[in-house]
Structures are given as C-alpha cells and as structure tokens.
Amino acid sequence: MDVTLALLCDAANTTAEGKLNILGTFDRIAAREFPVVHPAMSLVLRLSASPAEVGKSRDLAIRILDADGGQLGEIAGQLDVGESLTPGSTSQFQLIFNLPNMSFPSPGRYAFHILVSDDDKGQVSLEVESMPLGEGEADDN
C-alpha cells in the first residue's frame, strides 16, 4: 500500500461520485501565544493498494509528533482492501481526518506520520511559527 496524496487543509469532503474536494491547503500556521489551538484542520490521504492486497486488512495509524519526537496524539484503525472498479488494477482509498481544536504547545515543526501495518509510508509536516507582536501591541510579560 502506498500513499499517493497527503496534505493538511482547512476542510475536505468527497462527492457521491468519489471526487475529492479540498479547501485551503497549508503547511504552516502562526500564533502570538502558546499553546495555540487551531480551530479546524483536516488531514487528507489517498492510498493505493495493489491487486495482491485485495481481501487483506491493514492497520492504519497516524502519529502526530513534535520536533523532539514526542507524541501528541494518534489516530488508529483498520483498513480493509476491497476490489478495485477495474479488476486487476489498484484500489484507491480517500480518507479525511477532521482534527478540530488541535493544540500545539510551542513553536516548531510537527509531523503527521502515516503508518500502514507499522511501515512508515510518509509524513505531512506542519511548521508552527511564533508571530511577532504587531506595531502598537504591548507584551504583557
């Protein structure tokens, strides 16, 4: 199984026809204060399974790590590989993980690691930056 698409965005959905709609992709956010809570984000994945994987079940895990390798969270479940629409071709899966009110404790690089049956298939990085105070704003510290 391979990851053919992985990104963070503001929102995503799929149509009845299977089209993937993605709104507002990003790889960095900025905040003045930490910890910061990002109100709405979605992790979008497209996975491709070979014909040899049809009928198999795979463990899927998304591990969210900070820059030091500390784990902030994990999403885990099972993915059952079914027949593709065209026999003998790859099966495609589009997955959308909505992550409301995601908290980031400090500035730095965060990574969403994608594991299929404990095999690291890739990652999506997010840079969380500290935004300087604007002109006319006072620091209360």
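The values are calculated or read from the model by the stated rules, or taken from the named source; none is laboratory data. Bear in mind that the values here come from a model prediction, so they are computed numbers and not experimental data. Cβ: placed from backbone, ideal geometry, glycine included. Neighbour counts: every protein chain shown.
Some notes on this structure:
- Scanning the stretch 35-89 for residues that are in contact with a helix residue (DSSP H, G or I) (Cβ under 7 Å, 6 or more places away or on another chain) and either closer than 21 Å to Asp120 by Cα or free of Cβ contacts under 8 Å to residues at least 12 places away in the same chain (or both) returns a single hit, Val81.
- Top-ranked residue in the stretch 30-49 [being surrounded by 18 or more Cβ atoms within 10 Å (Cβ to Cβ) and within 16 Å of the chain's Cα centre (by Cα); ranked as farthest from Pro87 (Cα to Cα)]: His38
- Pick from the stretch 99-116, criterion touching a residue at least 60 places away in the same chain (Cβ under 8 Å) and either in a strand (DSSP E or B) or at positive phi (or both), ranking: surrounded by the most Cβ atoms within 10 Å (Cβ to Cβ): Phe112
- Here Met1 meets each of (1) of a type outside the set (Asp, Glu); (2) more than 19 Å from Gly108 (Cα to Cα); (3) surrounded by fewer than 17 Cβ atoms within 10 Å (Cβ to Cβ) with one exception, condition (3).
- So Ala52, is it at pLDDT below 95 and among the aliphatic types (A, V, I, L, M): yes
- Each residue in the stretch 50-90 was checked for being outside any loop (DSSP other than H, G, I, E, B) and either under 17 Å from the mean Cα position of the chain (by Cα) or not basic (Lys, Arg) (or both), and 21 pass.
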